[in-house]
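Below is one structure, written out as structure tokens; the observations come after it.
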Amino acid sequence: MIIEPQIKGVVAKAAHPYGCEQAVLSQIQYVKSQEPITHAPKRVLILGASSGFGLAARIALAFGGAKADTIGVSFERPPAESKTASAGWYNDHYFKTHAQAQGNIAVNIHGDAFSKDVRNQVIEAIETYFEGEVDLIVYSLATGVRPNPETGEMWRSAIKPIGEDIKGSSVMLENDAWLDSTLPAATEQEIDDTIKVMGGDDWESWIDTLINSESIAQGCQTVAFSYVGPEVTHPIYLDGTLGRAKIDLHQTSHSLNLKLANFDGGAYATVCKALVTKASVFIPGLTPYMLALYRVMKEQGTHEAVSSKCIVYSVKNSMQDSK
């Protein structure tokens, strides 16, 4: 099969397996070159493990000194006879290959993290590979749709401002075109649905599931990733529907702290740097900002070229706070 780039808008529709492996290896090599992570968890569950901060956290914990065993949950497209797999599928595959080569347990579960079936698979994997308990849960799901667990109807997130329409710009990778657009203000329903999809409700539901299945180890921590963003994106991000969801995420961390206190554990919503992820490319105004930001950071020598770098420091700080 000849693999050629296929880009639609801001989304790459094709992925080269060896390119994905090299990207994973670059992160592995980076974390191995850094000061080892100490006081780190050994049995880690990553929800949303195939890209972005979830993949970076998995690599940092497995190869950054802790040599953690991991279970990763991802919803990715496998390869078919006429098309390649998604980039995330290859990321999972090559992470597992290299983790197992150094003697780590690396379990990949592909499926909908919102489904009961996947939760049952995770609990079974924890029983089988982790002696029934997990030390850290990383929540890094990026999706626009989540089913209502009671009715089955779909909640759909909307990346929109609140109160008034906002103009924003994006760079279309398909043709390197600058696209100006206007986003209408979100309705109350769109605000509520975005909070349900991208807030802390599912994070708390997962922790409840693991507590009820007696899968939480003494001292267990959980972390979810958040972002504030530059002033140029505040109308869409910080002050928009996404900002409301992130407020809910941070509030959920307080609720989870109370629940995990029974295990001498804790919950963290950590604020991260600007990063190109599956979610961020759809935020108008963010792509031009990151193009400028990365250029300035490179000139100043402060650019974190590998996403695992900021995760190394987040993990170190979280583990330090928990001692």
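Sort through THR97, THR70, THR38, THR84 and tell me the only one that's assigned to a helix (DSSP H, G or I) and among the polar types (S, T, N, Q).
THR97
Do any helices (runs of 4 or more DSSP H) entirely within region 224-323 hold 2 or more residues that are within 30 Å of ALA87 (Cα to Cα) and at pLDDT below 90, and if so, which?
286-300, 308-322
I want to confirm something. Restricting to region 100-113 and keeping residues that are polar (S, T, N, Q) and in a loop (DSSP other than H, G, I, E, B), which single residue is most open to solvent (accessible area, probe 1.4 Å)?
Ranking the candidates gives GLN102 first.
For (1) open to solvent by 10 Å² or more (accessible area, probe 1.4 Å); (2) under 30 Å from HIS39 (Cα atoms); (3) in contact with a Ser or Thr (Cβ under 8 Å, 6 or more places away or on another chain), each residue gets a yes or a no:
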{"residue": "GLU133", "(1), (2), (3)": "yes, yes, yes"}
{"residue": "ILE137", "(1), (2), (3)": "no, yes, yes"}
{"residue": "VAL145", "(1), (2), (3)": "yes, no, yes"}
{"residue": "GLU153", "(1), (2), (3)": "yes, no, no"}
{"residue": "ASP180", "(1), (2), (3)": "yes, no, yes"}
{"residue": "PRO184", "(1), (2), (3)": "yes, no, no"}
{"residue": "TRP203", "(1), (2), (3)": "no, yes, yes"}
{"residue": "LEU210", "(1), (2), (3)": "no, yes, no"}
{"residue": "TYR237", "(1), (2), (3)": "yes, no, no"}
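In region 160-178, what residues are surrounded by 18 or more Cβ atoms within 10 Å (Cβ to Cβ) and touching a Pro at 6+ places or on another chain (Cβ under 7 Å)?
The answer is LYS160, PRO161, ILE166, GLY168, SER170.
Out of the residues in region 51-88 that are within 21 Å of ASN120 (Cα to Cα) and hydrophobic (A, V, I, L, M, F, W, C), which is most open to solvent (accessible area, probe 1.4 Å)?
PHE75
Could you tell me which of the residues ASP192, ASP176, ASP201 is under 23 Å from the mean Cα position of the chain (by Cα) and more than 30 Å from ALA125 (Cα to Cα)?
So the residue among ASP192, ASP176, ASP201 that is under 23 Å from the mean Cα position of the chain (by Cα) and more than 30 Å from ALA125 (Cα to Cα) is ASP192.
Each row is one residue, and each column tells you yes or no for (1) closer than 18 Å to PRO17 by Cα; (2) modelled with pLDDT under 95.
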| residue | (1), (2) |
| --- | --- |
| ILE71 | no, no |
| SER74 | yes, no |
| GLY88 | yes, yes |
| ALA101 | no, no |
| ARG119 | no, no |
| ILE123 | no, no |
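The values are calculated or read from the model by the stated rules, or taken from the named source; none is laboratory data. This is a predicted model, so every value here is computed, not measured. Note that each Cβ is placed from the backbone with ideal geometry, even for glycine, and that neighbours are counted across all protein chains shown. Each accessible area value is taken on the protein alone, full model and side chains, heavy atoms only, with ligands, DNA and RNA left out. Shrake-Rupley method; radii C 1.70, N 1.55, O 1.52, S 1.80 Å.
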